[in-house]
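Asker: My questions all concern the structure below.
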Amino acid sequence: MSAAESHQPPAMPGPLPSGPGRPSADPLEPWPETVRWQPISRDLIWVELLRLAAVLAVVGVGVVIGWVLSGHWIFGLALAVVLLLGVGRAVSIVRAVRAWGYAERSDDLLVRHGLLVRRLSIVPYARMQFVDVSAGPLERAFDLATVQLHTAAAASDARVPGLRPAEASRLRDRLTALGKDRAEGL
């Protein structure tokens, strides 16, 4: 071995290949072969679009009133910007709802969502303090509910929106039972 070869740092191993039993290289897609992601209802798109329409209507009416009363061109520009932002938000709502998913495992619940900033929350059943199911007027109109898990750390709370009431009840009951089973050992 030459002197130059003896001073070379050891070669760094490459990434481990993904495969059965090996974690994925993507930290937001752990264990892709062993996790079965459940999508949420696409009806949540309509709920969110109706909420957006209500906000746009209020803001739009305010801008139109200002335009009529003042006659200044800046209100016309503001109305165009509001409408353009509304269309952009509508597109992002459709994509964002499709990005939501959850997976139940033996020791924890995984929840993923987000487009620009993707987020994966892993909530151990033993850390859950309580499970909350809610449904606002729009959600009830579309036969949807939201399951929210609360843990000791406020930042680790996870929610799964856009579930049918039967699925929300089933998930609530299962999470509550698993939380009780896991917490007894603490």
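Asker: Anything in the range 123-155 that is in contact with a Pro (Cβ under 9 Å, 6 or more places away or on another chain) and touching a residue at least 60 places away in the same chain (Cβ under 8 Å)? List them, or say none.
Answerer: Scanning the range 123-155 gives Glu139, Asp143, Leu144.
Asker: Has the range 65-75 got any residue that is open to solvent by less than 60 Å² (accessible area, probe 1.4 Å) and either closer than 30 Å to Leu138 by Cα or modelled with pLDDT of 90 or more (or both)?
Answerer: Yes, the range 65-75 has at least one match.
Asker: Please determine whether any residue of the range 124-144 is surrounded by 12 or more Cβ atoms within 10 Å (Cβ to Cβ), hydroxyl-bearing (Ser, Thr, Tyr), assigned to a helix (DSSP H, G or I) and in contact with a strand residue (DSSP E or B) (Cβ under 7 Å, 6 or more places away or on another chain).
Answerer: Yes, because at least one residue in the range 124-144 is surrounded by 12 or more Cβ atoms within 10 Å (Cβ to Cβ), hydroxyl-bearing (Ser, Thr, Tyr), assigned to a helix (DSSP H, G or I) and in contact with a strand residue (DSSP E or B) (Cβ under 7 Å, 6 or more places away or on another chain).
Asker: Here is a follow-up. Would you be able to tell me the number of residues in the range 89-118 that are assigned to a strand (DSSP E or B) and without any contact (Cβ under 8 Å) to a residue 24 or more places away in the chain?
Answerer: Number of matching residues: 2.
Asker: If Ser106 satisfies every condition in (1) touching a strand residue (DSSP E or B) at 6+ places or on another chain (Cβ under 8 Å); (2) under 19 Å from Ala158 (Cβ atoms) but one, which is the exception?
Answerer: Failing condition for Ser106: (1).
Asker: Open to solvent by 80 Å² or more (accessible area, probe 1.4 Å), at pLDDT below 95 and either within 30 Å of Thr176 (Cβ to Cβ) or not small (Gly, Ala, Ser) (or both): is that true of Leu85 in this structure? Walk me through how you get there before you give the answer.
Answerer: Details: open to solvent by 80 Å² or more (accessible area, probe 1.4 Å): yes; at pLDDT below 95: no; either within 30 Å of Thr176 (Cβ to Cβ) or not small (Gly, Ala, Ser) (or both): yes.
No: the conditions fail for Leu85.
Asker: Among the residues of the range 97-138, which ones are of a type outside the set (Ser, Thr, Tyr) and in contact with an Asp or Glu (Cβ under 7 Å, 6 or more places away or on another chain)?
Answerer: Scanning the range 97-138 gives Val97, Ile122, Val123, Pro124.
Asker: On to the next question. Which ones in the range 145-157 are farther than 14 Å from Ile40 by Cβ and either in a strand (DSSP E or B) or of a type in the set (A, V, I, L, M) (or both)? Break it down into steps so the answer makes sense when it comes.
Answerer: Step one: list which residues in the range 145-157 are farther than 14 Å from Ile40 by Cβ, which gives 149-157.
Of everything in the range 145-157, those that are farther than 14 Å from Ile40 by Cβ and either in a strand (DSSP E or B) or of a type in the set (A, V, I, L, M) (or both) turn out to be Leu149, His150, Thr151, Ala152, Ala153, Ala154, Ala155.
The values are calculated or read from the model by the stated rules, or taken from the named source; none is laboratory data. Given the structure is predicted, the values throughout are model-derived calculations rather than measurements. All Cβ positions, even for glycine, are placed from backbone atoms using ideal geometry, and neighbour counts span all protein chains on display. What goes into the accessible areas is simple: the full protein's heavy atoms, side chains included, and nothing from ligands, DNA or RNA. Shrake-Rupley method; radii C 1.70, N 1.55, O 1.52, S 1.80 Å.
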